[in-house]
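Reviewing the structure listed below.
The values are calculated or read from the model by the stated rules, or taken from the named source; none is laboratory data. Keep in mind the model is a prediction, meaning the values are calculated, not measured. Here the Cβ positions follow ideal geometry from the backbone for every residue, glycine too, while neighbour counts run over all protein chains shown.
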Amino acid sequence: MHLSSFVEMVESGFDDRALLGDQNPRLTGTDFGFLVRLGATQVHNKYASVIYIGENHPLLPVALFAAAWAGVPFVPINYRLEDRQLRSLIERYPNSLVLTDLSTAARLESLSPLIFDEWLRELSNIDLEDVGPIEPAENDDDVAVVLFTSGTTSEPKSALLRHRHLMAYLLGSVEFGSADDSEAVLVSVPPYHVAGIANMLSNLFSGRRLVYLTSFSAQEWLSKVAEEKVTHAMVVPTMLARIVEELDGEVMATSTLRTLSYGGAKVSERVIRQALQAFPNTGFVNAYGLTETASTIAVLGPEDHREALSSDDPMIQRRLSSVGQVLPMIEIEIRNEHEQLVAAGESGLIYLRGEQVSGEYAGVNLLDSDGWFCTRDQGSIDEDGYLYIEGRVDDTIIRGGENIAPAEIEEVLLAQPGVAEACVVGLPDDEWGQRIVAVVVQQGGHILEPNDLQDAVRKVLRGSKTPEEIMVRDSLPHTETGKMLRRVVQSELLARKGGTTT
Amino acid sequence: MILKPGARLISAVCTAELMTVKAPKTELEVTIGGVATISSAAARDASAAIVAGHDGGTLMGKRYVDEADTIELLCTKAGTGAVAVNGELLQLKEAKALPASD
């Protein structure tokens with residue numbers, strides 16, 4: 001199916017339901033469909049794609065669906081990139097309609113971008129009958145959305161999501177119209193991230209009103225939840241940590257929030273426990289997915305969270321650090337380095353297959369002949385089907401021939417009192433091939449002693465997994481969605497005097 | 001008619017509307033409430049009645065499939081008529097409810 005059919009479904013199912021726009025006037029399904037059709041007339045046969053560079057906007061779905069209706073890809077780009085990089089990404093998509101917000105427009109003057117608000121105003125002056133409505137595009141093998149990978153080590157790659165991938169995800173995981181008309185979702189994930197796109201699509205599909213936070217701060221997020229009586233929200237781990245910090249022990253027992261989902265990066269178990277206490281009547285959902293899988297492929301649901309929190313059984317408690325079970329329409333395999341399946345509980349490389357799995361970049365499809373996609377994420381599945389993510393295989397430390405996942409050591413460090421963040425990397429070592437170095441960030445009011453931390457790791461893991469060196473720092477670098485920039489930490493450490501121990 | 005994914009089906013006799021998710025590439029006769037579907041709600045005849053045996057109703061957001069699982073229709077607007085293809089009433093497809101993950 002094509003996203004243009006999605007527009008028609010919205011028009012049919014939610015014709016008089018307010019779906020978009022925080023303030024009045026709110027747009028109903030009928031209004032939305034009309035704007036999309038208008039937008040499509042301005043794109044069709046004129047542009048090869050629609051680029052959006054800016055903060056979140058309450059009517060952002062209009063840009064995505066107008067592009068879809070007109071049969072061209074929607075290409076959201078990170079407005080925080082530096083000018084040079086921004087231009088080079090735009091140049092990859094020549095002849096595009098470039099929509100921006102006010103502050104980005106000033107930076108891109110020579111490319112004559114259109115400010116999104118102005119474009120919307122222009123649309124409202126068009127008479128659809130005058131310009132002639134266009135037929136909806138219907139080839140679901142066309143590219144619907146292009147997302148750039150963060151490109152921390154190389155040039156960003158364009159991940160391609162076709163209409164069939166996105167619709168497979170929606171049809172497989174969301175019941176159309178399942179939200180009642182009092183529900184509202186707060187979207188705070190940026191539009192150039194797969195979670196921002198999935199957030200928009202799956203909530204519209206369920207008929208839930210979209211409330212946008214233009215840019216995130218914990219205080220604004222909390223007041224928007226209260227103001228707009230928000231029932232659902234999705235955040236990345238850094239946001240969750242900030243919200244918990246902002247609440248500072250306050251319990252939101254009467255929050256309107258029914259569901260709070262989080263994902264996009266590894267989250268510390270301590271933050272989750274604090275969040276569960278801060279929102280005792282909210283259902284928590286941990287979602288795991290990749291850009292290349294058109295978002296979520298595994299979820300840890302609300303019952304799992306509460307059960308893990310209250311259980312005495314360590315096997316059940318442990319599930320709080322899992323990403324739950326894979327969605328019914330997804331197949332998963334954990335394979336070793338010889339591509340053989342491993343037993344339950346053993347770690348290996350995560351392979352995925354399913355209709356939503358794109359596994360494709362511009363010019364290269366990474367699916368094998370049987371349709372399997374190697375995520376390059378390392379993980380394991382326990383006997384009950386819970387999936388544990390151990391990090392990128394490319395981050396694996398090989399010390400004395402032993403493969404060591406940094407996440408395993410980081411988890412132990414994060415469980416120690418006073419450790420706010422931890423990053424474990426391997427550095428070249430003459431004797432061991434690689435040696436383990438950890439950088440930790442201490443929480444306010446704590447003074448961390450590297451020796452104590454080393455002892456703690458040695459107690460839980462083994463001597464061979466104990467960092468040879470632990471450094472205490474004020475902060476660690478992250479992407480905006482909370483993924484730790486391990487490579488940056490590693491290269492900073494390497495840049496120290498020849499990479500040797502100071 | 002030959003249905004394509006994305007094709008809309010509108011009842012001539014009740015409020016039901018459906019979207020084609022999956023369909024075989026063969027000639028099909030689709031009815032809602034026992035009467036052939038139409039392409040626009042404006043063409044609905046308010047005086048027309050639902051045929052006996054076709055009054056099971058269609059529910060918002062639910063999927064309807066045939067026995068052989070060759071066709072799948074998704075209800076985007078509920079109605080009192082039931083959907084049938086080539087005379088066979090479609091069955092409600094049971095789906096496991098998943099937590100809202102995003």
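One table, with the values for the structure above:
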{"item": "Filter result for the condition that a residue is more than 14 Å from chain B (Cβ to nearest Cβ), closer than 28 Å to A:SER215 by Cα and touching a residue at least 24 places away in the same chain (Cβ under 8 Å), over A:LEU170, A:LEU147, A:LEU128", "result": "A:LEU147"}
{"item": "Search result, residues across the range B:65-102 that are among the polar types (S, T, N, Q), within 14 Å of chain A (Cβ to nearest Cβ) and not in a strand (DSSP E or B)", "result": "B:SER101"}
{"item": "Matching helices (runs of 4 or more DSSP H) fully within the range A:247-324 where at least 3 residues are within 25 Å of A:GLY172 (Cβ to Cβ)", "result": "A:302-310"}
{"item": "Options A:SER206, A:SER255, A:SER223, A:SER215; residue that is without any contact (Cβ under 8 Å) to a residue 24 or more places away in the chain and over 19 Å from A:GLN443 (Cβ atoms)", "result": "A:SER223"}
{"item": "Scope the range A:420-447; condition outside any loop (DSSP other than H, G, I, E, B) and small (Gly, Ala, Ser); matching residues", "result": "A:ALA420, A:ALA422, A:GLY426, A:GLY433, A:ALA438"}
{"item": "Cβ-Cβ under 7 Å pairs, at least 6 apart or on other chains, the range A:271-297 side at the interface with another protein chain (Cβ under 9 Å from one of its Cβ atoms) and surrounded by fewer than 20 Cβ atoms within 10 Å (Cβ to Cβ), far side modelled with pLDDT of 95 or more and in a helix (DSSP H, G or I)", "result": "A:GLY283/A:PRO302"}
{"item": "Counted residues, the range B:78-102 - those being under 21 Å from A:SER206 (Cβ atoms) and under 10 Å from the mean Cα position of the chain (by Cα)", "result": "2"}
{"item": "Filter result (surrounded by fewer than 18 Cβ atoms within 10 Å (Cβ to Cβ) and farther than 21 Å from A:ALA265 by Cβ) within the range A:402-431", "result": "A:GLU402, A:ASN403, A:PRO417, A:GLY418, A:PRO428, A:ASP429, A:ASP430, A:GLU431"}
{"item": "Qualifying positions in the range B:1-40 - acidic (Asp, Glu) and closer than 18 Å to A:LEU171 by Cα", "result": "B:GLU17"}
{"item": "Where a residue in the range A:85-103 is over 15 Å from A:ALA67 (Cβ atoms) and its partner, wherever it lies, is part of a helix (DSSP H, G or I) and among the basic types (Lys, Arg), with Cβ under 8 Å and at least six apart", "result": "A:LEU86/A:ARG107"}
{"item": "For A:GLY33: the one exception among (1) at pLDDT 95 or above; (2) more than 20 Å from A:GLY177 (Cβ to Cβ)", "result": "(2)"}
{"item": "All strands (runs of 3 or more DSSP E) inside the range B:1-64 with 2 or more residues being within 10 Å of chain A (Cβ to nearest Cβ) and either in contact with a Lys or Arg (Cβ under 8 Å, 6 or more places away or on another chain) or within 21 Å of A:GLY207 (Cα to Cα) (or both)", "result": "B:8-10, B:17-22"}
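Let's see how each residue does on (1) farther than 30 Å from A:THR30 by Cβ; (2) among the charged types (D, E, K, R):
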residue: A:GLY54; (1), (2): no, no
residue: A:HIS57; (1), (2): no, no
residue: A:LEU60; (1), (2): no, no
residue: A:THR104; (1), (2): yes, no
residue: A:LEU120; (1), (2): no, no
residue: A:ASP130; (1), (2): no, yes
residue: A:GLU135; (1), (2): no, yes
residue: A:ASP142; (1), (2): no, yes
